[in-house]
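Student: Can you keep this structure in mind? I'll have questions shortly.
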Amino acid sequence: STMRKRKTTDSPHSSTGLSEGKEKLRLKQEVGLISGVSLIAGTMIGSGIFMSPEWVLHHMGSPVSSLLIWAACGLLAMFGALSYAELGTIIKESGGEYIYILRTFGSFPAFLFAYTSVILVRPAGLAAVCLSFAEYAVAPFYPGCSSPQVVIKCTAAACILLLTIINCLNVRLATSIMNFFTAAKLLALLVIVVGGLVLLAKGQTQSFQNAFQNTTAGIGAVGVAFYQGLWSYDGWNNLNYVTEELKKPEVTLPRALMIAIPLVTCLYLLVNMSYLAAMTPSELLSSGAVAVTWGDKVLGSWAWLISLSVALSTFGSSNGTFFSGGRVCYIAAREGHMPDILSMAHVRCLTPSPALLFTSAMSLIMIISGSFTSIVNFFSFIAWLFYGMTISGLLYLKIKKPELPRSYKVPIIIPIIVLMAAVYLVLAPIIDQPQIEILYIIVFIFSGIILYFPLVRFKYHPRFLQRVTLHLQLFLEVAPTTRVAD
């Protein structure tokens, strides 16, 4: 059977366990409905909605067509999330795409996903969001000129270290911070929405006259516009990474998705309308940071509130990215696809601290090197490649394994639409504007073969690594964990 069940034993090197003979460790189920909604919405609402609208408008050419792209991106995110909700009720394990690919397609493709995600995608995404936070956080200290890169990078590094401490100490602390920052950024977006509604009520509707004029119909341009919009929706799948930490996952997972994603979609549409009410399309296109320009036009001397809001928003988003990203590393290690030490949890805090520390270290390397920009530009390419694989796994389970128990079922047409969208989003940039960086990404993904066969397939574990694991385990005060029973 392709739906293999993992043995619920400790790490292969259980002789190194601090908890030998005692009750086995597992992560606490402390994420409820409100925290679940905050994790999704808080991660989705990052810097994208404050920066991307001008690029969507640039590629689409007209205001209404850009609004249609924002709505379509929200619908696609919703369809993807509903498909993932069914997967989450069939496979009640943390890890998101990794665990779903592992249980449906087997070890090799799951390892390639974990290798790419843990080494490249998640740390690069976290580094990018933290750099965005740092840019807005230090901007007020350098009025009239650009901030020094060394200051931005040091601030971003400090942000990552702070997030590491918070997430290693306590899950409840991390989710509480998530809830606070989600509330703060929702308040900021509501200010923009209300300001826009006031402007529209006063008759500032010039941007919506001849609103379809200059609309672009090219397949490539529409695909790039989708990439820009979907970057702002990234995070719709984050709750699936922490399924084992959800209270009543079979209920919380679908409900949180059905609340968070329509909420974010409606806010994004209203915020875009507010931008267009305050600015003409040409003004919006010439704006370096559309939210800041909106603040200057509408709030006047209170415009600094928008810069503060963007900083808060990106910090909250980076916390959500860090919270879920560390779990991929942790789950992959627990399944034998990463070093054993990364599958362990702190004996008192009950957090996957080694995995979080590793994710933090990789993100810091990317911030220091500054060479990750081109990789982040193709983030959507990698993401939708694996989203497509995951959704095809759901279709396989719906057709071949309909007898598997599941508390939630999505109509089969929805994952089919998501799969078609994923194929389009992967192939469109290759066909329309082939670039050498995409080849580099594909080569990096398949370079995992070099590690997979000796370390995973043939289980070659050098003795010195076992000694390193023992010393790290004692130093970090961590012990092996078990999977939450179904």
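The values are calculated or read from the model by the stated rules, or taken from the named source; none is laboratory data. If you're wondering where the values come from, they're calculated on a predicted model, not measured in any experiment. Cβ sites come from the backbone with ideal geometry, for glycine too, and all protein chains shown count toward neighbours. Only protein heavy atoms, including side chains, enter the accessible area calculation; ligands, DNA and RNA are left aside. Shrake-Rupley method; radii C 1.70, N 1.55, O 1.52, S 1.80 Å.
Student: Select, from 35, 65, the only residue that is of a type in the set (Ser, Thr, Tyr) and in contact with a helix residue (DSSP H, G or I) (Cβ under 8 Å, 6 or more places away or on another chain).
Tutor: 35
Student: Continuing with the same structure: What single numbered condition from (1) farther than 18 Å from residue 321 by Cβ; (2) touching a residue at least 24 places away in the same chain (Cβ under 8 Å) fails to hold for residue 248?
Tutor: Here residue 248 clears every test but (2).
Student: Take the residues in segment 133-156 that are touching a Ser or Thr at 6+ places or on another chain (Cβ under 8 Å) and not β-branched (Val, Ile, Thr), then tell me which one is least open to solvent (accessible area, probe 1.4 Å).
Tutor: Per the stated criteria, the residue is 134.
Student: Turning to a different aspect of this structure: Answer yes or no: is there a residue in segment 307-327 that is open to solvent by 50 Å² or more (accessible area, probe 1.4 Å) and modelled with pLDDT of 80 or more.
Tutor: Checked segment 307-327: at least one residue is open to solvent by 50 Å² or more (accessible area, probe 1.4 Å) and modelled with pLDDT of 80 or more.
Student: Does residue 231 qualify as being under 20 Å from residue 423 (Cα atoms), open to solvent by 40 Å² or more (accessible area, probe 1.4 Å), of a type in the set (Phe, Trp, Tyr) and out of contact with any strand residue (DSSP E or B) (no Cβ under 9 Å at 6 or more places or on another chain)?
Tutor: Spelling it out, residue 231 is indeed under 20 Å from residue 423 (Cα atoms), open to solvent by 40 Å² or more (accessible area, probe 1.4 Å), of a type in the set (Phe, Trp, Tyr) and out of contact with any strand residue (DSSP E or B) (no Cβ under 9 Å at 6 or more places or on another chain).
Student: So residue 103 ticks every box in (1) of a type in the set (D, E, K, R); (2) open to solvent by 20 Å² or more (accessible area, probe 1.4 Å); (3) part of a helix (DSSP H, G or I) but one. Which box is left unticked?
Tutor: The failed condition is (2).
Student: Any idea which residue in segment 208-220 is modelled with the lowest pLDDT, counting only those that are part of a helix (DSSP H, G or I) and over 15 Å from residue 68 (Cβ atoms)?
Tutor: Ranking the qualifying residues of segment 208-220, first place goes to 220.
Student: Looking at 184, 221, 225, can you tell me which residue is open to solvent by 10 Å² or more (accessible area, probe 1.4 Å), in contact with a His (Cβ under 8 Å, 6 or more places away or on another chain) and on the phi < 0 side of the Ramachandran plot?
Tutor: 221
Student: Of the numbered conditions (1) within 17 Å of residue 165 (Cα to Cα); (2) at pLDDT 85 or above; (3) not hydroxyl-bearing (Ser, Thr, Tyr), residue 352 satisfies every one except a single condition; which is it?
Tutor: Tallying (1) within 17 Å of residue 165 (Cα to Cα); (2) at pLDDT 85 or above; (3) not hydroxyl-bearing (Ser, Thr, Tyr), residue 352 fails exactly one: (2).
Student: Report the residue count in segment 142-200 for those that are modelled with pLDDT of 85 or more and among the basic types (Lys, Arg).
Tutor: Adding up the residues that qualify gives 1.
Student: Only one of 261, 192 is within 19 Å of the chain's Cα centre (by Cα) and buried (at least 22 other Cβ atoms within 10 Å of the Cβ). Can you tell me which?
Tutor: Only one candidate passes the filter, namely 261.
Student: Take the residues of segment 291-306 that are open to solvent by less than 10 Å² (accessible area, probe 1.4 Å) and within 21 Å of residue 134 (Cβ to Cβ): which is farthest from the chain's Cα centre (by Cα)?
Tutor: Filtering first and then ranking leaves 295.
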